[in-house]
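Worksheet: the structure to be examined is printed underneath.
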Amino acid sequence: MRERSLQGPEERLLLNKLRSGDSDAWSEFIERYRRLIWSAIHRVNGRYGAGWDDATMDDLFEESLLKLLRNNGRALKSWEGRCRLETWIYRIVRNVCIDHLRKQSRREVAAKATDDGDPGPRRDVAATEEVSAVDLRLSLEQAIAASLTAREAIAVKLIYFEGFTYREVAERLDMTVGALSGFVYRALAKLREEGGLMREWGGR
């Protein structure tokens, strides 16, 4: 059955303005979604224990805006209206943050490896495990992107990576909690069939 579009007239109008290069639309977009972008950044910071300071989060905010708005909103053009626009924006901002987290983890490991002092085996193991955990999450996200529809991917990521409740995700995807439970169960089954990464993840 074809999923119905959740694209509202205001969202459609705003996106059309963005795509046409209307400068006033950029200001409107930033004003409307500023709090959402900040919320996504703070949530990733807390969820992964990144320890970002205010300056780093300011940089991530600017980077997220560039990702969303450059080339007349190219990133937003992939939104097909199968979930709320705010959910799609949250996903893009989260990806920006995860990319930064991965680079940060690798820089920290490289710095430890070149430290003049003896880091000791425990620090080496901890650093390796930290990067491995990030790499595992990214591998899982790649499997999700390759195996699931955009709507399925959003549901799985919000629940398993971001800690949203089923009720919160159901509201974002305009579904009942019961329908979402079955929807997510089928998505996880699909992932298990695509190489068993979900077994490594541990499921939920």
(request) Would you kindly derive the ³J(HN,Hα) couplings of region 160-177 from the backbone phi angles with the Karplus curve 6.51 cos²θ - 1.76 cosθ + 1.60 (θ = phi - 60°), listing them in order in whole Hz, with x for Gly and Pro? (result) 8, 9, 9, x, 5, 7, 4, 5, 5, 5, 4, 5, 5, 9, 6, 10, 7, 4
(request) Find out how many positive minus negative residues lie around ILE144, taking Lys and Arg as positive, Asp and Glu as negative, among other residues whose Cβ is under 9 Å from that of ILE144. (result) -1
(request) For region 1-98, build the charge dipole from Cβ charges (+1 Lys, Arg; -1 Asp, Glu) around the Cα centre, then report which of LEU65, ALA55, TYR90 sits farthest towards its positive end. (result) TYR90
(request) Could you run the Karplus curve 6.51 cos²θ - 1.76 cosθ + 1.60 with θ = phi - 60° over region 43-60 and give me ³J(HN,Hα) per residue in whole Hz, x for Gly and Pro? (result) 5, 5, 4, x, 5, 9, x, 5, x, 6, 8, 4, 5, 5, 5, 4, 4, 5
(request) Distance check, please: which entries in LYS67/LYS103; LYS77/LYS157; LYS17/LYS103; LYS157/LYS190 exceed 26 angstrom between their Cα atoms? (result) LYS17/LYS103
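What does the charge count around LEU65 come to, taking other residues whose C-beta lies under 14 Å from its C-beta (Lys +1, Arg +1, Asp -1, Glu -1)?
Working: positive: ARG32, ARG34, ARG35, LYS67, ARG70, ARG74; negative: GLU28, GLU31, ASP58, ASP59, GLU62, GLU63.
My count for the surroundings of LEU65 gives 0.
Where a number appears in this text, it was derived from the coordinates with a stated rule and is not lab data. All values derive from a computational prediction rather than experimental measurement. Backbone-built Cβ (ideal geometry, glycine too); neighbour counts: all protein chains shown.
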